[in-house]
Structures are given as C-alpha cells and as structure tokens.
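Data block below; observations after.
The values are calculated or read from the model by the stated rules, or taken from the named source; none is laboratory data. None of the values given here were measured: they were computed from a predicted structure. Cβ placement follows ideal geometry from the backbone for every residue including glycine, while neighbour counts extend to all protein chains displayed.
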Amino acid sequence: MKIIIVGCGKVGTSIATELNSEGHQIRLIDVNRAAVTRLSDSIDAMGIEGNGATYETLKEAEVSSADLVIAATARDEVNLYTCLLAKNSGAKNTIARVRNPEYTNDLFRVKDAMGLSMSINPELTAALEISRLLRYSGALEIDSFSKGAAELIKVEVPQGSMVADKAISRIDIQKGKVRVCTVERGNEVYIPNGDFVIRAGDKISIVSKPEVAAKFFKKASISIGRCRDVIILGGGKISFYLAQKLLKTGAGVKIIERNQQRCEELAATLHDAVIIHGDCMDQDLLLSEGVDRTDGVVALMDYDEENILISMYVNSVSKAKVITKVSNSSFDNIIAQLRLERVIDPKSIAGEYIARYIRAMQNSMGSNVETLYRLNEDRVEALEFRAKSTTRLAAIPLSQLNLRDDLQVICISRRGKVILPTGSDCIMPDDRVVVVTKHKGLSDLDDILNRR
C-alpha cells in the first residue's frame, strides 16, 4: 500500500517503522527537517519537509493516489484537518491521532462527514493494554483473536506446577479446550508438539477462551488472579484512562502525582479514586500508601529513568504485578538485563494497532491476514487469516496437510464458535484461522503449506 505519514515524532516514527517492516511504500512529511531526514534515512523512505496540513505539501506527496494518510502530529486539530484535506484530495483512507478525551468522545458524530477511517489515541490504547494485563495479574502477555472470543496468554511455569516435567500430550488441557502453542526456555523458542516436555521456569503461551483459561491456570497452580488494588505512579493521560477502566471493574485505585493542580483535576473527575499529592520516588510515601501490600503497581511518570528505577524498587519490596512505561527504545538492551516484569511503550502500541487495522484493509485488496502479533521478542508471529473460498486447504483434515515445520494451527473460529483443532478437524471457507509460526512474511493462508 502507498501510505503517507504526517508527523515524524515518536508516534509517527513507531508507525512508520512498523509499516515499513511489512513492505508498504511510505512517504513522510514533517515541518522539522531534521526529524523527517532522520526517519526517512532510517527506513529508506521518501521524506518531504513541509506542512502536511496544506494541499501543496500533500500534493507533493501524491496524495491523490495514496491508499492511506496517517496524521500523527502533536496537535489534534492539525491531525483532524489534515485528514479532512487529504480525503477531499483523493486519499482513499485516513487515520488521525487524537489525544484529547473530549475530541475522542465526540468523534463518532463527525467521523463519516470527515471521511475519517479511524482515530488512534496512544494514551487510551496503552491504558487498555495495561488494564488487560492487570485483569490477569500473573500473565506476561495477553493478545486476543476472533474479536475477543479466544485469547493468547503467556505465563511462567512455577516450581510445583502440575504441568512441569510433563509431555504436553499428558497434560490435562480441559478436554481439548486449551492449546499450548509456544514455549520459551532461556534464549530458545519452541512451537511444541505433543511429545514436548514442559519444565519449571518455561514461559508458555496458551490459547483458549478466557473463562476456560482461568480454570486451567488454577488447576496448574499458575497464579493469574485479577489485581483488585492498584497504585498508579504519575497522573498523566494514560493514568486517567487506566483509572477509569479499573474503577469500572470494581478495583481500588490510588494515583500518586507530584503536581498539585493535576491532583485537583484528577480528583474532580475520578470520584472513586484516591488521589495523593506527593513524590512517586519517595520510598517512605510509597510504603505508607501500601506499595508492599497492593496487587498491582503501574509506573507512568514522565521520565523513563524514574519509571525503571521505581519499578526495580517496588519489585524488591512487593509481590505486586509491576508494569513500567518506557518510551525510549534506546533502553531496550538495559531493560532486557534488568528483568522488569512488563514494559509497555504507548507509541509502539499505537503503531501495532494501526498495523492491525491496515492488515484488515488489505484483506479486501489481496492479503487475508486480519490480525498479527509478534511474540517472544519478535521471534514468533501469531497470525489470524480468513479462509477464502479458493483456499487449497478447504475440507482436508489437518493431519493430512503438509504443513511447514515450526508452525501450528492453534484456533479455528467458525460462525462464532471457537475450535481448538485436532488432526481430524478441517478448515472451511470463511473460517478465521489462527496460526503461530517462526516463519515471517506469510500473507495468505495457503502459505502455511510446505512448498517442497
């Protein structure tokens, strides 16, 4: 697809990097010459210095033939106007970054009139991701397929678990309703068969319905209980959205924020949350507020360094689920050595959300990948396909298909029913089929077949 991205800040960079890795033709626009040059050089894309909210600049980027324009500048109003102008200049689809909660709430009223295909709020999407992780406090990652009907949940197997030292074929998988699809052991990642033996310390990803997964983890002595009390460090936009989500589930929420005015703003809108004016780096304050007894702690301060340091401290005094916001990718190597429990980057999450939307768009343009998640530090992909009427796999039992090595069909969704397939199950036209694989770049369901 031909995609124009307006705005080369952190969000634009994340989006451009994600889409460029999938082979799209990217054109970049920014008023800052250094920003557009840096990004265009790093991904080898065409860069244009100029105001993307003007017709002349969009025309230079050939907007009339663009499949998609993404407006990701720091200003909501500029992004919305850019999308309106781009749509009226011939762009087929537009996506706007919109951060202001008031705009987000009202967009449905003008979305069609503006020709807006989608809006993305990085802070809101990050809050949604964090709330899912807190729902299963023992989970390392959670991804969903088939519109939430099936979830892929990554956990670490503790000592004494009933699944430790057993071959997968001998594990009670709730009458076939749970599928172990990846195992991470040290630096190796496996897509296991029934003979694979799980060990304590392995990080396993299972796919199942949410309610069945909870029963499986309980029987396996893997703690994934929901966080009922959460302390949020920092009172920014993500904290606001996250608190809203948690309060709706009945969780207790405390927010610690050093800015007095921001505390007053939060107190005026989050009536059921406890808002504390104080320094999040004050260890005595954290202890007095129960950081050593709470279920979850989320570090959402402005500076990555503070989030990293305070997360390390909380890990030393508490068994809480700790989630750390880190927006600077240059910290990746350091973070890997620190063994922080869960790190989230709002900008990267926004890029992934947009990439998923674009894959769904492509489904009507040739590719039938509807959802893609990169797992196990990008070494494994989980892809959701919609089976076309022309697929060569139709009505053939999986056991008779010559599937690629390092690949597993983990889920079939048919007319709303989730099937965790065995060798006797078949893929039928219009099924949603989820595959995990080490092979990169699969764009069609038929690509899962061994071509040798």
- Message: For a quick check of your reading of the model, give me the residue pairs whose first member lies in the stretch 32-46 and is free of Cβ contacts under 8 Å to residues at least 40 places away in the same chain and more than 14 Å from SER14 (Cβ to Cβ), whose second is surrounded by 15 or more Cβ atoms within 10 Å (Cβ to Cβ) and of a type in the set (Lys, Arg), with beta-carbon atoms closer than 6 Å and at least 6 apart or on different chains.
- Response: MET46/ARG27
- Task: Filter the stretch 280-292 for residues that are surrounded by fewer than 16 Cβ atoms within 10 Å (Cβ to Cβ) and either in contact with a strand residue (DSSP E or B) (Cβ under 8 Å, 6 or more places away or on another chain) or not assigned by TED's automatic domain parsing to the domain that holds TYR241 (or both) and give the result.
- Result: LEU285, GLY290
- Only one of (1) touching a Ser or Thr at 6+ places or on another chain (Cβ under 6 Å); (2) over 30 Å from LEU383 (Cα atoms) does not apply to ASN105, and that is (1)
- Message: Please determine whether any residue of the stretch 366-381 is assigned to a loop (DSSP other than H, G, I, E, B) and over 19 Å from SER144 (Cα atoms).
- Response: yes
- Task: Could you give me the residue pairs with C-beta distances under 9 Å whose first residue belongs to the stretch 218-234 and is on the phi > 0 side of the Ramachandran plot, whose second residue is of a type in the set (A, V, I, L, M) and at pLDDT below 95 wherever it lies, and which are 6+ apart or on separate chains?
- Result: SER221/MET162; SER221/VAL163
- Flag for GLY47 being in contact with a strand residue (DSSP E or B) (Cβ under 9 Å, 6 or more places away or on another chain), surrounded by 18 or more Cβ atoms within 10 Å (Cβ to Cβ) and within 21 Å of ILE120 (Cα to Cα): no
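Looking at this structure, is ASP284 out of contact with any His (no Cβ under 8 Å at 6 or more places or on another chain), acidic (Asp, Glu) and touching a residue at least 12 places away in the same chain (Cβ under 8 Å)? Quick ask: steps written out before the conclusion?
On the way: out of contact with any His (no Cβ under 8 Å at 6 or more places or on another chain): yes; acidic (Asp, Glu): yes; touching a residue at least 12 places away in the same chain (Cβ under 8 Å): no.
Considered against the rule, which asks whether it is out of contact with any His (no Cβ under 8 Å at 6 or more places or on another chain), acidic (Asp, Glu) and touching a residue at least 12 places away in the same chain (Cβ under 8 Å), ASP284 comes out as no.
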- Task: Hey, could you check the stretch 357-389 for residues that are within 16 Å of LEU19 (Cα to Cα) and among the small types (Gly, Ala, Ser) and say which is modelled with the lowest pLDDT?
- Result: SER367
- Look at SER161 and say whether it is touching a Ser or Thr at 6+ places or on another chain (Cβ under 8 Å), modelled with pLDDT of 90 or more and in a loop (DSSP other than H, G, I, E, B). yes
- Got a number for residues in the stretch 261-307 being among the basic types (Lys, Arg) and assigned to a helix (DSSP H, G or I)? 1
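Would you call LYS166 over 30 Å from VAL98 (Cβ atoms) and out of contact with any Asp or Glu (no Cβ under 9 Å at 6 or more places or on another chain)?
Numbers: over 30 Å from VAL98 (Cβ atoms): yes; out of contact with any Asp or Glu (no Cβ under 9 Å at 6 or more places or on another chain): yes.
For LYS166, the condition - over 30 Å from VAL98 (Cβ atoms) and out of contact with any Asp or Glu (no Cβ under 9 Å at 6 or more places or on another chain) - is met.
Give the residue, chosen from LEU140, LEU124, that is within 20 Å of ALA299 (Cβ to Cβ) and touching a Phe, Trp or Tyr at 6+ places or on another chain (Cβ under 8 Å).
Of LEU140, LEU124, the one residue that is within 20 Å of ALA299 (Cβ to Cβ) and touching a Phe, Trp or Tyr at 6+ places or on another chain (Cβ under 8 Å) is LEU124.
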- Query: Restricting attention to the stretch 134-141, does a residue exist that is in contact (Cβ under 8 Å) with a residue 40 or more places away in the chain, under 19 Å from the mean Cα position of the chain (by Cα) and assigned to a helix (DSSP H, G or I)?
  - Reply: yes
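Would you be able to say whether some residue in the stretch 93-102 is touching a residue at least 60 places away in the same chain (Cβ under 8 Å), more than 26 Å from ARG359 (Cβ to Cβ) and within 26 Å of the chain's Cα centre (by Cα)? Break it down stepwise before answering.
Going through the stretch 93-102, the residues touching a residue at least 60 places away in the same chain (Cβ under 8 Å) turn out to be 93, 95, 97, 99, 101.
So of that shortlist, the ones also more than 26 Å from ARG359 (Cβ to Cβ) come out as 101.
Next, from what is left, pick out any that are within 26 Å of the chain's Cα centre (by Cα): 101.
Yes: one or more hits.
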- Message: Checking the condition part of a helix (DSSP H, G or I), at pLDDT 90 or above and outside the structural domain of GLY7 (by TED's automatic domain parsing), which residue from ILE354, ILE335, ILE310 passes?
- Response: ILE310
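Of ASN315, ASN333, which residue is within 15 Å of SER137 (Cβ to Cβ) and surrounded by fewer than 20 Cβ atoms within 10 Å (Cβ to Cβ)?
Working: ASN333 fails: within 15 Å of SER137 (Cβ to Cβ).
It is ASN315.
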- Message: Considering only residues that are at pLDDT 85 or above and not acidic (Asp, Glu), which ones fall in the stretch 195-212?
- Response: PHE196, VAL197, ILE198, ARG199, ALA200, GLY201, LYS203, ILE204, SER205, ILE206, VAL207, SER208
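Name the residue that is surrounded by the most Cβ atoms within 10 Å (Cβ to Cβ), counting only residues in the stretch 92-106 that are more than 13 Å from ALA72 (Cβ to Cβ) and among the polar types (S, T, N, Q).
Of all residues in the stretch 92-106, those more than 13 Å from ALA72 (Cβ to Cβ) come to 92-93, 100-106.
Next, only the ones that are among the polar types (S, T, N, Q) stay: 93, 100, 104-105.
Numbers: ASN93: 21, ASN100: 13, THR104: 17, ASN105: 9.
The selected residue is ASN93.
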- Note on the structure: In the stretch 107-155, anything among the acidic types (Asp, Glu) and buried (at least 17 other Cβ atoms within 10 Å of the Cβ) is listed as GLU123, GLU129, GLU141, ASP143, GLU151
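Look through LEU372, LEU420, LEU398, LEU383 and report the one residue that is more than 30 Å from ASN93 (Cα to Cα) and without any contact (Cβ under 8 Å) to a residue 60 or more places away in the chain. If you could, list the steps in order and put the result at the bottom.
Values: LEU372 fails: more than 30 Å from ASN93 (Cα to Cα); LEU420 fails: without any contact (Cβ under 8 Å) to a residue 60 or more places away in the chain; LEU383 fails: more than 30 Å from ASN93 (Cα to Cα).
Just one listed residue meets the conditions, LEU398.
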